[in-house]
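The values are calculated or read from the model by the stated rules, or taken from the named source; none is laboratory data. Predicted, not measured: the structure shown is a model, and the values here were computed from it. Neighbour counts are summed over all protein chains in view; Cβ atoms, including those assigned to glycine, are modelled from backbone coordinates with ideal geometry.
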Amino acid sequence: MYTPRFNQVTDRALLLEAMRAYPFAILFGPAGTEPRDLLRATHLPLVVKDEGEHGVIEGHFAKANPHWAALAGREALVVFPGPHSYVSPALYEEALSVPTWNYIAVHAYGTLTLVEDGSGKETLLASLIAAHDPAYLDQWRALPEGYRRTMLGNIVGFRMPIARIEGKFKLSQNRAGRERVNVHAAQAAGNDDQRSLAAWMARLGLVPGEAPPQVP
């Protein structure tokens, strides 16, 4: 990912936090096992665990999706797209300015290990439910065993220790302080993505005079 130095984020805790905040990710990898096979993308809700050097990603495919078979034991890229927003040059004091787009993105690389046994998939699914809908966990466990076994049979789980990670937080770091104040104010009054970007700007100390808020 092209990332100017002032947009780079390498802080492990911040990267884990961003991946967990925006966990509906895109997994890229070869569509088949031949060298000339095209790439395929699968959109998945994921769980990011604080394990190992950079963290561990867990999730599952629908068994009917052939992508899992092509990725077994191979390197893949997982893209966590965060909030994004247009930034108007009208917010800048410098007249010779052009429009841009602010955004947050984390790219995580690693090798997938499949989880195909029933107990392993049950554990993965429980982690996913606990992360995204903890109130449902007891209901899931109370479902008839045969039904749960059938549902588990329709998925293939995976774990991916993160071997390499890139974080890009493009938040007007290259603009003068007053211009960042203008960008922050405009985004704080905008839609959900814009408000989230505004909170990250304040959180990272990019807005003079602003106390760091909680990121929504």
Checklist entry - Within the range 111-123, is even one residue touching a strand residue (DSSP E or B) at 6+ places or on another chain (Cβ under 7 Å), at positive phi, not in a strand (DSSP E or B) and not aromatic (Phe, Trp, Tyr)? => result no
Checklist entry - Within the range 145-193, can you find the residues that are among the hydroxyl-bearing types (Ser, Thr, Tyr) and either within 23 Å of SER97 (Cβ to Cβ) or not in a helix (DSSP H, G or I) (or both)? => result SER172
Checklist outcome for this item: Taking first residues from the range 173-200 that are farther than 17 Å from ILE104 by Cβ and second residues anywhere that are among the aromatic types (Phe, Trp, Tyr) and part of a loop (DSSP other than H, G, I, E, B), the pairs with Cβ under 6 Å that are 6 or more apart or on different chains are GLU179/TYR92
Checklist entry - If a residue has to be surrounded by 10 or more Cβ atoms within 10 Å (Cβ to Cβ) and in contact (Cβ under 8 Å) with a residue 40 or more places away in the chain to count, how many in the range 84-98 make the cut? => result 7
Checklist entry - Of the numbered conditions (1) within 30 Å of ARG180 (Cβ to Cβ); (2) at pLDDT 95 or above; (3) in contact with a helix residue (DSSP H, G or I) (Cβ under 7 Å, 6 or more places away or on another chain), SER97 satisfies every one except a single condition; which is it? => result (2)
Checklist entry - Do any strands (runs of 3 or more DSSP E) entirely within the range 2-104 hold 3 or more residues that are among the hydrophobic types (A, V, I, L, M, F, W, C), and if so, which? => result 24-30, 39-45, 56-62, 75-87
Item to check | Members of the range 1-55 found to be within 14 Å of the chain's Cα centre (by Cα), under 17 Å from PHE158 (Cα atoms) and small (Gly, Ala, Ser), listed by number | outcome: ALA25, GLY55
Checklist entry - Does GLU58 qualify as being under 25 Å from ARG12 (Cβ atoms) and either acidic (Asp, Glu) or modelled with pLDDT under 95 (or both)? => result yes
